[in-house]
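The values are calculated or read from the model by the stated rules, or taken from the named source; none is laboratory data. Here the structure is a predicted model, which means the values were calculated and not measured. As a convention, Cβ positions derive from the backbone with ideal geometry for all residues, glycine included, and neighbour counts pool all protein chains shown. Calculation scope for accessible area: heavy atoms of the full protein, side chains included, ligands and nucleic acids excluded. Shrake-Rupley method; radii C 1.70, N 1.55, O 1.52, S 1.80 Å.
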Amino acid sequence: MNRQEFIDELKARLRKLPYDETREAVEYYEQYFDDAGAENEQAVIQELGPPAAVARQIIAGYAVKGSTAKVPLRESWHSAWLVILALMASPIAVPLALAAGAVALALAISLSAVVFSLFAAGAGAFIAGIACAVGCIVIAAKSFPTAVMLLGAALMLLGIGAAIILWASALSKLGFSWLSKMVGNYILRRKHA
């Protein structure tokens, strides 16, 4: 490896850094080679070690330098005001968040109760339709007009029960998806606020 190959590999490994940082580092090592002279080029390469190790040291130094940089005064005041506002708003914001959670829970419980009652009503109508159909069969020998009336009632109750069950399942799907979307949007807004 010669001086130019060392510098080229160093540049390639430092491409993640800002341009000014890369330029400074490359200029430093080019000056280091110049000070040592062309006759000591291999000794300098041996002394510095592989370009990958040199690049890791430079990147680590840049990371430390970036983490100890001072925050501008304007940003620190902005942060301080946000903390003060959050502390002052907390007596209002915390109860409001709890109230929003309670409302969401109440909506979920109410929706569950409505859906359950609809399923129960549909199942009751369906079972009553089956009972009328059985009654129709039992009474057909004694009174044909009553059997026909029971058959009509059985068909009507079976249809009503099936319709209520289908409507309840559609309501539960729409209602719970709407509720989950509302709660999800609320959580996302709170997370990004």
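Restricting attention to segment 168-179, which residues are closer than 15 Å to Gly122 by Cβ and either at pLDDT 95 or above or in contact with a helix residue (DSSP H, G or I) (Cβ under 7 Å, 6 or more places away or on another chain) (or both)? Passing the criteria: Ala168, Leu171, Ser172.
Report yes if Arg56 is open to solvent by 60 Å² or more (accessible area, probe 1.4 Å), assigned to a loop (DSSP other than H, G, I, E, B) and at pLDDT below 90, otherwise no. So Arg56 fails the test. Within segment 19-30, being open to solvent by 30 Å² or more (accessible area, probe 1.4 Å) and without any contact (Cβ under 8 Å) to a residue 12 or more places away in the chain holds for Tyr19, Asp20, Arg23, Glu24, Glu27, Tyr28.
Would you be able to tell me the number of residues in segment 31-51 that are outside any helix (DSSP H, G or I), within 14 Å of Phe6 (Cα to Cα) and open to solvent by less than 40 Å² (accessible area, probe 1.4 Å)? Explain how you work it out, then say what you get.
Taking segment 31-51 first, the residues outside any helix (DSSP H, G or I) are 37, 49-50.
Adding the requirement that they be within 14 Å of Phe6 (Cα to Cα) leaves 49-50.
Narrowing the set further to residues that are open to solvent by less than 40 Å² (accessible area, probe 1.4 Å) leaves 49.
Of the residues in segment 31-51, 1 are outside any helix (DSSP H, G or I), within 14 Å of Phe6 (Cα to Cα) and open to solvent by less than 40 Å² (accessible area, probe 1.4 Å).
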